[in-house]
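Asks: What follows is a structure written as structure tokens; I'll ask about it next.
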Amino acid sequence: MCLGIPGEVIEIMDDHPDLARVDVSGVRRAINIGLLEGESLGRGDWILIHVGFALSKIDESEAKAALEFLEGIGQAYEDELNALRESKIE
């Protein structure tokens, strides 16, 4: 199963403006935000992530609801978090 997972932007990376450091349930990774060009993004904003790419900007209440749902489905969510832990954008 492939999931879109909400993540909170920690910082936009100065040396790579198409990347943002994002926190996803305690896992921090660089995520490609190039698909959101023209969107105003900054620290504290929430984005929907799939396979290392930000698909859309979402509001905090939508992010919290999605996280609650994902936590409720159990193993599939854990599998996605484990895959995220093992991935890196260099």
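The values are calculated or read from the model by the stated rules, or taken from the named source; none is laboratory data. Source: prediction; values computed, not measured. All Cβ positions, glycine included, derive from the backbone under ideal geometry; neighbour counts span all protein chains shown.
Yes or no, residue by residue, for (1) aliphatic (A, V, I, L, M); (2) touching a residue at least 60 places away in the same chain (Cβ under 8 Å); (3) under 18 Å from residue 78 (Cα atoms); (4) buried (at least 17 other Cβ atoms within 10 Å of the Cβ):
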position	(1), (2), (3), (4)
9	yes, no, no, yes
12	yes, no, no, no
16	no, no, no, no
20	yes, no, no, yes
46	no, no, no, yes
54	yes, no, no, yes
63	yes, no, yes, yes
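Asks: Also: Quick one: count up the residues across region 22-40 that are acidic (Asp, Glu) and either assigned to a strand (DSSP E or B) or under 24 Å from residue 77 (Cα atoms) (or both).
Replies: 1
Asks: Where residues in region 39-60 are closer than 24 Å to residue 86 by Cα and of a type in the set (Val, Ile, Thr), which of them is modelled with the lowest pLDDT?
Replies: Restricting to residues being closer than 24 Å to residue 86 by Cα and of a type in the set (Val, Ile, Thr), the top hit is 51.
Asks: Moving to a separate point now. Can you name every residue in region 43-65 that is over 12 Å from the mean Cα position of the chain (by Cα) and either over 14 Å from residue 20 (Cβ atoms) or among the aromatic types (Phe, Trp, Tyr) (or both)?
Replies: 59, 60, 61, 62, 64, 65
Asks: Looking only at residues in region 41-63 that are in contact with a strand residue (DSSP E or B) (Cβ under 8 Å, 6 or more places away or on another chain) and part of a loop (DSSP other than H, G, I, E, B), which one is farthest from residue 12 (Cα to Cα)?
Replies: Selected residue: 59.
Asks: Something else now. Do we find a residue being surrounded by 14 or more Cβ atoms within 10 Å (Cβ to Cβ) and at pLDDT 90 or above anywhere in region 66-79?
Replies: Within region 66-79, not a single residue is surrounded by 14 or more Cβ atoms within 10 Å (Cβ to Cβ) and at pLDDT 90 or above.
Asks: Sticking with this one: Anything in region 65-87 that is touching a residue at least 12 places away in the same chain (Cβ under 8 Å) and of a type in the set (A, V, I, L, M, F, W, C)? List them, or say none.
Replies: Answer for region 65-87, where residues must be touching a residue at least 12 places away in the same chain (Cβ under 8 Å) and of a type in the set (A, V, I, L, M, F, W, C): 66, 67, 70, 76, 81, 84.
Asks: Would you confirm, using the coordinates I've provided, whether residue 83 is out of contact with any Pro (no Cβ under 8 Å at 6 or more places or on another chain) and at pLDDT below 85?
Replies: yes
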